[in-house]
Amino acid sequence: MTDERIALLERALKREKSARKEAEKILEEKSLELYELNQKLKIANNTSSSASQEHLKANGVYSSLADAYLKMDLAGNALEMNDAAIELFGYNIQNESLNIVNLIYRDDFTYAMNSYKELVKNGAFTDYVARVYTKEGPYKLVHINANLIYNDKQEAIAAEGIIRDITEEQRARVLIEEQRAELSTIVNSSPFGIVLTENGIIIKSNKAFQDMMGFSANELQHIDPMEFILPKDVNKIQEIQNQMNSGEKNRIDFTQDIKTKKGQLIKVRVNITTIFDDLGKPKYRLSILENITEEARRSELIEEQREQLEIIFENSPLGIVLSDNGSLTKVNSALVSLLGYSQEELQALSFEDITHQDDLFASKDVMQKIQNGEQDTVILKKRYIKKDGTVISAKSSLSVVRDHSGRVKYHLVIIEDISEQEKAEQQKENLLRRLEKSNHELQEYAHVVSHDLKSPLRSISALVSWIKEDCSDIMHDSGHENLNLIEMTVEKMENLINGILTYSAIERAEDDEKVVSIDETIDNILALLYIPDHIKVKVNKPLPSIYADATRIQQLFQNLIGNAINYIDKEVGLVEIDYKDAGKYWVYSIKDNGVGIAEEYHEKIFGIFQSLTTDPKKGSTGIGLSIVKKIVEQYDGEIYLESEEGIGTTFFIKLKK
């Protein structure tokens, strides 16, 4: 509640009180005069013959009246006027003629004529109020009591009346009504609750207070205001009452929790003012109440958040600074520990004092852009100088807080020491370079070794062929079997070498990536592979394409489909290829009804040189699934399986769309 609103209400009350006093004074004076006039008019009414009138005139009854006296003939011509009448109308019939009809206010003419008819008919009228023109100024509002004058034959020969000027009295009444209306408007339209009490009893309340408390105006007039107060606050309110009753305080402001009709607690801001009577004694108490429940809740929330922010500020592992024009206005404990200064020492420094000389230009450039409004948030790496002279590298996050006009109020800077991180990154870069060099050397070594190994294998294969040709007629069956076994072993050894070369050469080359049709890839694979007559390969529905290296995708599916065909032991074999939509991924599946894989080998089979069979006829090198897994992982995918021994296996390949 603002003091301005309270002052407005007080001024309105003061104006109404002042106007009421002025009107009461006027009414009191006029009432006394009216009483005297009424007494004299009674005498006049009782002696209304012309002879009696002459007697009254001779005794100066009319000339002594404070109000105007006027006598006219039945045609309206003024016959007699006292000094008060001359002063009221501005005419003196001693010097000029006057017809009363000419004084009638234009808009009141009909009303005046009807009143005159009443006078003629009844012989008198009272409390006639009308507007009349004056000679010199604006119209006047007058109150008239009049009667007819009769001759000895009881014939009406004239009329006379006492005329009282009530212009100022009416203005006072209008002023009171205007002030009352103004005050009523203020009170009734006020968003604040307004209560007027007398001797602790509510005699008037506005709608805002009634809505606030949930009571009607009538209910409030029968309730002790102390019922709104919580027991714990009774003593406090009684002390306030004592201070006001003793005159120690005439006005007081405080906040208070009060109970509504529904028992709900609300917090209000209260202003109580004492209103005194004419003798200076306290008569009323005017209370203005503002419901600040939501404001109080917001304030409590803001205070709670402020405390939380203070806790975060002080306990943050990162250095935090509130800066004003480069000065370190407020710093937290982490920054103190980071730079080795005390809080007082840091607050006496500026950012320029703790910034490495080589980073000053970049820092000033950033600050200039912020001042120009080009940026409000900046992250930069810079070096800071600790108290002991050592230098640390830090990431500084700078945010700007502006006021309502857009001007920079202060800067919030969060400083993170990244010295160790930079060392780790440097070590990582060095390690990656060494790893890249090592991989390159390993690839070269693999090619050299494969060449050196393949040469004797080819020689062995050639010698075996020659022996079989030259000695076929003298060699026993066991000799032929041994030679065949040598050839199979040589072939397996060569396949193993080729697998190692393939595995070592797998790298993701994004330049070779494109949209790969999985349907076309499967068709190509099925055309290359040998598929026995008792095995059927079925694609359940068209397969979605992916973005990848076509060669790598063919290697992936060819290994899985080849394994599925190779390990079917049923008289009727079936390989099914399908997929399902998994949001951001496609999940392809290759299902067979082969021998199955025991659960303990579900992870092991993806290791290099891991094979579940020793049968040379299967041609397994133990590298195929390793190649598959490496390709899938290069595309951030996943491969897993479901299998049951003797029933079959399903491999699932999850790849990004």
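The values are calculated or read from the model by the stated rules, or taken from the named source; none is laboratory data. Note that the structure is predicted; figures quoted are calculated from it, not measured. Note: ideal-geometry Cβ built from the backbone for every residue, glycine included; neighbour counts use all protein chains shown. Just so you know, the surface numbers come from the protein's heavy atoms only, side chains and all, with ligands and any DNA or RNA stripped out. Shrake-Rupley method; radii C 1.70, N 1.55, O 1.52, S 1.80 Å.
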Q) Can you name the number of the only condition in (1) surrounded by 13 or more Cβ atoms within 10 Å (Cβ to Cβ); (2) modelled with pLDDT under 95 that PHE215 fails? A) (2)
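So, in the range 193-211, how many residues would count as being part of a strand (DSSP E or B), touching a helix residue (DSSP H, G or I) at 6+ places or on another chain (Cβ under 6 Å) and of a type outside the set (Gly, Ala, Ser)?
Of the residues in that region, 3 qualify.
Per-residue answers, yes or no, for (1) touching a helix residue (DSSP H, G or I) at 6+ places or on another chain (Cβ under 6 Å); (2) aromatic (Phe, Trp, Tyr); (3) open to solvent by 60 Å² or more (accessible area, probe 1.4 Å); (4) at pLDDT 95 or above:
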position	(1), (2), (3), (4)
VAL587	no, no, no, yes
ILE597	no, no, no, no
LYS604	no, no, yes, no
THR621	yes, no, no, no
Q: Go through the range 317-328 and count every residue that is modelled with pLDDT of 90 or more and either assigned to a helix (DSSP H, G or I) or loosely packed, with under 15 Cβ neighbours inside 10 Å (or both).
A: 1
Q) Looking only at the range 373-393, which residues are crowded, with 16+ Cβ neighbours inside 10 Å and more than 15 Å from PHE351 (Cα to Cα)? A) VAL378
Q) Can you pull out the residues in the range 236-261 that are under 18 Å from ILE292 (Cα atoms), open to solvent by 30 Å² or more (accessible area, probe 1.4 Å) and not aromatic (Phe, Trp, Tyr)? A) ASP253, THR255, ASP257, LYS259, LYS261
Q: Being over 30 Å from ILE237 (Cα atoms), in contact with a helix residue (DSSP H, G or I) (Cβ under 7 Å, 6 or more places away or on another chain) and of a type outside the set (S, T, N, Q) is the filter here, so list the residues in the range 275-332 that pass it.
A: GLU314, PRO317, LEU318, GLY319, ILE320, VAL321, GLY326, LEU328, VAL331
Q.
All but one of (1) open to solvent by 40 Å² or more (accessible area, probe 1.4 Å); (2) modelled with pLDDT of 85 or more; (3) of a type in the set (A, V, I, L, M) hold for LEU612; state the number of the condition that does not hold.
A. (2)
Q: Report, by residue number, each residue of the range 558-590 that is hydrophobic (A, V, I, L, M, F, W, C), part of a loop (DSSP other than H, G, I, E, B) and over 22 Å from ILE605 (Cα atoms).
A: VAL572
Q. Out of (1) exposed (fewer than 14 other Cβ atoms within 10 Å of the Cβ); (2) modelled with pLDDT of 80 or more, the odd one out for GLY406 is which?
A. (2)
Q: Please state which of the following conditions VAL101 fails to meet, knowing it meets all the rest: (1) open to solvent by less than 90 Å² (accessible area, probe 1.4 Å); (2) over 15 Å from TYR133 (Cα atoms).
A: (2)
Q. Right, SER396: open to solvent by less than 80 Å² (accessible area, probe 1.4 Å), under 27 Å from LYS423 (Cα atoms), without any contact (Cβ under 8 Å) to a residue 60 or more places away in the chain and of a type outside the set (Lys, Arg) or not?
A. yes
Q: Kindly provide the set of residues from the range 352-390 that are out of contact with any Phe, Trp or Tyr (no Cβ under 7 Å at 6 or more places or on another chain) and of a type in the set (Val, Ile, Thr), ordered by number.
A: VAL366, ILE370, THR377, VAL378, ILE379, ILE385, THR390
**Q.** Of all residues in the range 128-175 being out of contact with any strand residue (DSSP E or B) (no Cβ under 7 Å at 6 or more places or on another chain) and without any contact (Cβ under 8 Å) to a residue 40 or more places away in the chain, the one that is most open to solvent (accessible area, probe 1.4 Å)
**A.** LYS153
Q | Test set (1) farther than 14 Å from GLY161 by Cα; (2) open to solvent by 70 Å² or more (accessible area, probe 1.4 Å); (3) in contact (Cβ under 8 Å) with a residue 24 or more places away in the chain; (4) not in a helix (DSSP H, G or I) - LEU79 fails condition number | A | (1)
**Q.** the range 350-362, subset more than 38 Å from the chain's Cα centre (by Cα) and of a type in the set (A, V, I, L, M), residue surrounded by the most Cβ atoms within 10 Å (Cβ to Cβ)
**A.** ILE354
(Q) Among the listed residues ASP278, ASP233, identify the single one that is open to solvent by 80 Å² or more (accessible area, probe 1.4 Å), acidic (Asp, Glu) and not in a strand (DSSP E or B). (A) ASP278
**Q.** the range 87-98, residues that are closer than 15 Å to GLU136 by Cα and either hydroxyl-bearing (Ser, Thr, Tyr) or buried (at least 17 other Cβ atoms within 10 Å of the Cβ) (or both)
**A.** LEU88, PHE89, TYR91, LEU98
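Kindly check whether there is at least one residue in the range 291-300 that is open to solvent by less than 40 Å² (accessible area, probe 1.4 Å), within 28 Å of GLN210 (Cβ to Cβ) and assigned to a loop (DSSP other than H, G, I, E, B).
yes
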